[in-house]
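Presented below is the structure to which this report refers.
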Protein chains: 2
Amino acid sequence: MATLKDIARALDLSITQVSRALNDHSDVNEETRLRVKATARAMNYHPNASARKLVSGRSGMVGLVVPNYRNIGQDRLFMEVVAGLSTQFSGRGMQFVLHMMAEHEPALPTYQRLIGKAMLDGFVLIDPQDQDPRIDFLRKAGLSFVVHGRSGKTIDYPYFDIENEQLAYDLTAHLVARGHRRIAFLNGVAGRSYVTVRAQGYLRALQDGGAEVLPHLHLHGEMDEAHGLTDTVRLFSGEAPRPTAIICGNVRLAQGVYQALAALGLSVPGDVSVVAHDDELPALRASAFFPSLTVTKAPLRDSWEPLADCLAGAIEGKPLATLQRIGRYTFIERNSVAAL
Amino acid sequence: MATLKDIARALDLSITQVSRALNDHSDVNEETRLRVKATARAMNYHPNASARKLVSGRSGMVGLVVPNYRNIGQDRLFMEVVAGLSTQFSGRGMQFVLHMMAEHEPALPTYQRLIGKAMLDGFVLIDPQDQDPRIDFLRKAGLSFVVHGRSGKTIDYPYFDIENEQLAYDLTAHLVARGHRRIAFLNGVAGRSYVTVRAQGYLRALQDGGAEVLPHLHLHGEMDEAHGLTDTVRLFSGEAPRPTAIICGNVRLAQGVYQALAALGLSVPGDVSVVAHDDELPALRASAFFPSLTVTKAPLRDSWEPLADCLAGAIEGKPLATLQRIGRYTFIERNSVAAL
DNA sequence: TATGTTTTCCGAAACGTTTCGGTAAAACCG
DNA sequence: CGGTTTTACCGAAACGTTTCGGAAAACATA
């Protein structure tokens, strides 16, 4: 492999000057810069990442740490994340390191170890929890990172997120405006920050609309078909007052809800109205539901580019204001809601 | 982060001696070695991967390069590979770098660039083609690698593979032994080395059994439900003599074949016998078919550990003989084959 | 002409590690 | 006891890069 020394020798220049030419520093003659770049290309030169990292602190490598679990290979969400982020970083000439923790391995020591090796420039943090300790940890360690979502009181770090509070508010208010008063919310796993924030939007809309807050209608759990199914069955059995509408945290939940309602002999939207948030995971189209599903839509696919942008920016030391981004969502009214 | 210098200062030793103690070299007092290791742990020391790579050529990082394509996020196989390998390497304290090529980007320059950065110790090569150029390229570059499969005339590199030739032979011979003479083979995409090798086994068994070789019964294509379905329809329409048995390259193909046969009003195994090779991808169980499917079984899941083993071994310079491994497969007879 | 300024270059140090060659001191040997 | 071997240590160089502090040459200013 060609090194700076090789190029310097070939051009009868100093290593210093070659380095400065390649890195577009100011004090190098324009013609020299061109000559250097030309021979660098000709000699197939690529800067040695280790050497560069050692002295400048930059290696161009970023990491994603994910907990392992049985059947992670079948988790659509995980695949989307990995494929999306990896594509983004590869496209920027950066390296994407995927670290899978052993099941039940604690997270912070894993980050600690990776940081200790000093080969990563930063991390992408997905799936933040309320008060996620990783954020504090990385902040203290002084490493760059970007969060997919927001967590904690002081949001003084780069992130990409959507307005989950407002989105839950919109979905709820849409139902309230149509006369619904007992509105169920099939939310995600308690503790995840977007789940908490959506809960706030849901409650705010209920209160704004003067609707009752019935705790037994607010359910938490994994957002898959199975939970949509069993949660719906639970809502419509027992003594407690039954909902006239259901909000689903995602479309997979809605899928289960539709199945359960059909099984219970209840029609959508005649007996029960249903709305959902749509991450637009492929292979599950809300518009293809019958009746088609009213949703707030924010494709998850649109997250990877801004996330990579923000992390790259953070590593380059860009100002924080440019590294905090909010993705848009759209409200799409279809045929799954009826007025009471 | 603590460095060797810090430890040396704390113990009033030289950096040299600390390094040698930590790396279990011979000429260091046993008691000193223990003291050094203890303080290293206490000071939370982790060797700087960049510095180490720079001087010793080892970084503990390996790469996987995959071509990107639409909907890769939904490719079960891809995710199994990534999740499996990543877990294996993470568990060995190695780093796993996932590089996604842009669609239609040529492979060799990508490897070239990654090699140029000199941060990877080796590569895992999946999905080798007949005469795969990557193998030659990496061999010439002098980098360690392990191939999932075998390709080319001279197999003088580390690999993990199963006996695809014999497996295709077994499936075919099983049918021949039961009197079948017109046996179709739904093979994978032409050019992939395992596809070529399976074709050889298929042909050998036909000839050994004195069965006719009918080229129109040997089909190539992606191994998914859709191809299983359309290939079956094609086999049973038109003038050409129809098969009495079908061999499927995997269970997803078999799924499509079952659907197509049902639609055509043909019964398994009454009208048509079906066998397949089973990679045991989750969520598609050959035993749960009706009638249950006769297969050769070799779980893909069992590949990641030997692959990681072999690559790690290659990097450490172990002898080639220990780095060429063959995985077992089992023949499982169920209810999808009838004698003629 | 003397003095500053800009342009363009360079030597040397530094990053953290491994390793080569060397060296005292202790141990061993006949 | 002289000589050899073994033990346990260390200094310095090397890996390839970036960057600091200078410095020669060219040019502008007074």
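The values are calculated or read from the model by the stated rules, or taken from the named source; none is laboratory data. The structure presented is a predicted model; accordingly, all values stated were derived computationally and were not measured. With ideal geometry, Cβ positions are generated from the backbone for all residues, glycine too; neighbour counts draw on all protein chains shown. We work out accessible area using only protein heavy atoms, side chains counted, and drop any ligands, DNA or RNA first. Shrake-Rupley method; radii C 1.70, N 1.55, O 1.52, S 1.80 Å.
List the lysines whose alpha-carbon lies under 19 Å from that of A:Lys37, not counting same-chain residues fewer than 8 positions away? The qualifying lysines are A:Lys5, B:Lys117.
Taking other residues whose beta carbon is less than 9 angstrom from the beta carbon of B:Gly188, and scoring Lys, Arg as +1 and Asp, Glu as -1, yields +1. Helix A:193-208 axis versus longest C-alpha principal axis of chain A: approximately 40°, rounded to the nearest ten. Our note on the geometry: Cα centres of the stretch B:199-261 and the stretch A:273-327, 43 Å apart. Annotation: for a label point projected 7 angstrom from Cα along Cα→Cβ of A:Ile326, residues of the stretch A:129-166 with backbone N closer than 12 Å are A:161-166. Within 10 Å of the Cβ of each residue in B:67-78, the mean number of Cβ atoms contributed by other protein chains is 4.
The relative contact order of the stretch A:164-302 comes to 23 percent, based on Cα pairs under 8 Å that sit 6 or more residues apart. Secondary structure note: in chain B, about 10% of the DSSP beta bridges are antiparallel.
Take B:Lys153, push a point 7 Å out from Cα through the beta-carbon direction, and compare it with the same point in every other copy: 7.3 nm, smallest first.
Atom-type composition of the exposed protein surface of the stretch B:1-128 places 53 percent of the accessible area on carbon and sulfur (1.4 angstrom probe). Interface between chains B and A: roughly 3800 Å² of accessible area buried, both sides summed (probe 1.4 Å, protein heavy atoms only). Note on chain A: helix-only mean residue ellipticity at 222 nm, from DSSP H runs of 4+ residues weighted -39500 (n - 2.57) and normalised by residue number, equals -12500 deg cm²/dmol.
Distances between equivalent label points of B:Arg178 across the copies, with each point positioned 7 Å along Cα→Cβ, amount to 5.5 nm, shortest listed first.
Each copy carries a label point for A:Ala107 at 7 Å from Cα along the beta-carbon vector; from one copy to the others these points are 3.6 nm apart, nearest first.
Given the protein assembly as shown, report the % of alpha carbon pairs whose separation exceeds 40 Å.
Details: 104167 of 230860 pairs.
Roughly 45 percent, once rounded to a whole number.
Other residues with beta-carbon under 10 Å from the beta-carbon of A:Pro306 carry, at +1 per Lys or Arg and -1 per Asp or Glu, a net charge of -3.
Summing +1 for each Lys or Arg and -1 for each Asp or Glu, what net charge is found among the other residues whose Cβ lies under 12 Å from the Cβ of B:Thr294? Mind showing how you got there, number by number?
Working: positive: B:Arg178, B:Lys297, B:Arg334; negative: B:Asp170, B:Asp278, B:Glu333.
Surrounding charge for B:Thr294 is 0.
With r defined as the distance between the Cβ atoms of A:Leu34 and A:Ala141 and R0 fixed at 51 Å, what FRET efficiency is calculated, to the nearest 0.05? Given R0 = 51 Å and the Cβ-Cβ separation, E is 0.80.
Overall dimensions of the stretch A:18-92, expressed as equivalent-ellipsoid semi-axes from the Cα gyration tensor (√(5λ), whole Å, largest first), are 39, 14, 10. Structure remark: mean-square fluctuation, Gaussian network model of chain B, C-alpha springs under 10 Å; the largest value among B:Lys37, B:Lys153, B:Lys117 belongs to B:Lys37.
Write down, largest first, the equivalent ellipsoid semi-axes of chain A in whole Å, where each equals the square root of 5 times an eigenvalue of the alpha-carbon gyration tensor. Kindly include the intermediate steps, with their values, before the conclusion.
Details: eigenvalues 506, 72, 63 Å².
Ellipsoid half-lengths, sorted descending, are 50, 19, 18 Å.
What full-extension length gain, to one decimal in nm, is calculated for B:Ile155 and B:Ala283 as 0.36 nm per residue of separation minus the Cα-Cα distance? Spell out each step's value before the answer.
Values: separation 128, 0.36 × 128 = 46.08 nm, distance 3.44 nm.
Stretched fully, the B:Ile155-B:Ala283 segment lengthens by 42.6 nm.
The calculated FRET efficiency for the pair A:Met43 and B:Ser292, based on their C-beta separation and a Förster distance of 60 Å, comes to about 0.45.
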